[in-house]
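Each value in this text was obtained by applying a stated rule to the coordinates, not by laboratory testing. Computed from a predicted model, the values in this text were never measured in an experiment. Here the Cβ positions follow ideal geometry from the backbone for every residue, glycine too, while neighbour counts run over all protein chains shown.
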Amino acid sequence: MIILITAIFPEANAILSGFSMKKVAYNSFTLYESEQDALRLLLTGSGKLNAAMAMTEYLTIHSVSPQDIFCNIGICGGDSDSSVGDAYLCASVTELTTGKSVYPELYHHPFPEARLFTSDTPVTSPFIKQEGNLPVLYDMEAYGVAVPLFRKVMPSHCFFYKIVSDICDGTVPSPEAVTKLIQRQLAPLLTYLKMKEEELSLFLTENNAPQHKIDSMAKNIAADYTFSTTMERKLKGLLTYAFHAGLSEQELFSALPKPTDTPHKKKEALQLLDALESFVLTNKSTSDSGKPFDLSSDPRRPFRHIYVERDVLTHPVTRQILSRLPNSSVIPVEHYKDVFNRGKQDLSMQEKEPSLILAKNNGTYFYPGAPVCQSFGEEHFMYTSCVMNCLYDCDYCYLQGMYPGRNMVVFVNLEDYFKELDTLLANHPVYLCCSYDSDLAALNGLLPHAKAFCEYAATHPELRLELRTKSAALPFVRELPAAKNIIMAFTLSPDELICRYEHYTPSLRARLRTAKEAVKRGFSLRLCFDPILDVPNASELYSTLVDNVFSVLSPEDLTDVSLGVFRISKDYLKQLKKAKPSCSVSHYPYELTNNVCHYRKERCEELLSVVRDTLCRHGITENQLFLWTPDESGEI
Ligand code: SF4
């Protein structure tokens, strides 16, 4: 349902005159409803407090469905950038007196955008200084609507659509003029909101269908056995994995023992789970993960919105990045967490249209390397997280479990990172991984970070810098100062798995071509077969991968090779399941040791030895190999 919210009757009248609506009065608001058009109109009364009370009361009385879309529509004052009659979708809503803001999540839409300020009294001269590149509007209700609304509703389902009725010059439009202004802009708005509503409904149906099927299968199986709650959860997990790994219901049922007349005991239920797990793992279909990603039908539009902390609005790195994205909306924010950590984020939309957040890191610049990461025998192993989130979208990526959303945070104060690095290097050499929580090389066209770290390393030989990447950016490799203490580390996967799991990343051939160029230029080269995934035909896929590598590179090109099977912390896996509900990787029946989920030990060894043996056949020595095994972390 679409719920429109207006403050005064002349605004409401524009909607009432177009639809046949039934009126219901409540304490603090009036509600009009058209069942036929699935449309509600909430009339709050003017002013921020009335709006907040009405919205709160509405949300207490009426439950919110995941398909509901809320839109506050009304008149506003504009600044000199706008004209009477212009209509805008608002990218931020700020309370004028306190400066507190909320940020609706806006995705592809046909309207111009603005920043909206809610004042307690009519604004008769615009006084917000120009920041960012959006026009500024003033109203008296939006912030009151937004605060209760954002507590219950996803910011991507909340819209603030404002039509300029005056240029803050004291002009008061007549009720008839207000109605006309709204009427003129109503049709395009409603067309857009209807389209959003349909998209949402389709998305929810598609996403809920597999779960209904799995629940009903689990119910059928559990009816014949004595299952504890934990066992039932495991059964559902196995069925979910089987479903996404391409096994049919018939195949699964054929693997189960036939039910008898007497209910099965708990012991038999446990045996059933074991049998089911081993059946699922040995018979997962080659169509694992369902649909391969189709880039042409799902193009991404990254960084249409750039949120910039006020402190760094004029920072040279901010200016450089903004100049490379001239068509994006620039929205000033107090702190990056106001956007990055907000509640109820729309992960599926952020996957397609991530926003960029430019900020200042005031905390830690360098961290000690984590146990699940390889140290390559280096004593002072550190990593930095100057960019959070990645341009690529790998289904198995732990970042989806680590961060609350898919937007990308970029810390622009690189000078502070290098100052800290100077201090560290004054005490001891450092082995630094600068591209763990993002892929900096892939972002080189937009961010100066990868280049800046490499240039620093080229003049500081006591720093060993690892730049891990799945990119194939030849110009980037060619423009950098080459140095042996810079390790270009390319993560490689079989092409089939690149297509299925590593969305938007370059092909294997392109990565290898760039790796070869890196060697020619004089960088150290590391190849990373990490994570190795337990997929159907894993042995063939990974041994062919290694053969393909040595059709381009020779063993002497490589400084070292890192190998590791997929592993992820329990908490991150929980989030990954939500972020990637239809990917089999997140539903695999992992073993859990000390909070790390991993394949069974024997399976880890099988997968690692396939790759290791093929590498050795091609002339890689044991000294060049670094393996991550479950015991390696010291935790498992
Ligand atoms: S390239 Fe690396 S950091 Fe980027 S999404 Fe893939 S796994 Fe994550």
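For the chain, the calculated P(r), taken from all Cα-Cα distances in 20 Å bins from zero up to the bin holding the longest distance, is 17, 43, 31, 9, 0 percent.
Using only the C-alpha atoms, the convex hull of segment 2-202 corresponds to 111 Å³ per residue. Take 106-117, 164-175 and order them by the average number of nearby Cβ atoms within 10 Å per residue, most first; the result is 106-117, 164-175. Based on alpha-carbon atoms, the Kirkwood radius and the radius of gyration of segment 495-627 give Rg/Rh equal to 0.99. What you get for the chain, charging only the Cβ of Lys and Arg (+1) and of Asp and Glu (-1), is a dipole of about 360 debye around the Cα centre.
The value for segment 414-507 of Rg(Cα) / (2.2 N^0.38 Å) is 1.16. Only Lys, Arg, Asp and Glu carry charge here, each on its Cβ (+1 for the first two, -1 for the last two); on that basis segment 2-202 has a dipole of about 280 debye about its Cα centre. Projecting the alpha carbon convex hull of segment 469-549 along each direction and taking the average yields 5.2 nm².
Summing Cβ point charges (Lys, Arg +1; Asp, Glu -1) relative to the Cα centre of segment 295-628 gives a dipole of roughly 840 debye. Centre-to-centre, using Cα atoms only, segment 324-402 and segment 526-593 are separated by 22 Å. Here the alpha carbons of segment 327-479 define both size measures, Rg and Dmax, at 15.9, 46 Å.
Considering only Cα atoms, the convex hull volume of segment 53-94 works out to 121 Å³ per residue.
Could you work out the Kirkwood radius for segment 1-54, taking every pair of different alpha carbons, averaging 1/r and inverting it, reported in Å? Computed over segment 1-54, the radius equals 11.1 Å. Each pair of Cα atoms in segment 224-283 enters the Kirkwood radius, and Stokes-Einstein at 20 °C and 1.002 mPa s then converts it into a translational diffusion coefficient of 181 µm²/s. At q = 0.08, 0.12, 0.15, 0.16 Å⁻¹, what log₁₀ I(q)/I(0) does segment 295-628 have when each alpha carbon counts as one equal point scatterer in the Debye sum? Taken in order of the listed q values, log10 I(q)/I(0) reads -0.37, -0.88, -1.41, -1.59.
Computed over the alpha carbons of segment 122-275, Rg followed by Dmax gives 28.4, 83 Å.
With viscosity set to 1.306 mPa s at 10 °C, what whole-number translational diffusion coefficient in µm²/s follows for segment 72-127 from Stokes-Einstein and a Kirkwood radius over Cα pairs? Calculated translational D: 128 µm²/s. If you wrap segment 421-570 in the convex hull of its Cα atoms and look at it from every side, the mean projected area works out to 9.9 nm². Membrane-span-like helices in the chain, defined here as complete DSSP H runs extending at least 15 Å along the helix axis by their C-alpha atoms with mean Kyte-Doolittle hydropathy no lower than 0.0, are 48-61, 142-152, 266-283, 538-549; this is a sequence and geometry rule, not a statement about a membrane.
Per the Debye calculation on segment 350-440 with a single equal scatterer at every Cα and no solvent contribution, log₁₀ I(q)/I(0) for q = 0.11, 0.19, 0.21 Å⁻¹ amounts to -0.35, -0.96, -1.10.
When every Cα-Cα distance of segment 1-94 is counted in 10 angstrom steps from zero, the calculated P(r) takes the values 14, 47, 31, 8, 0 percent.
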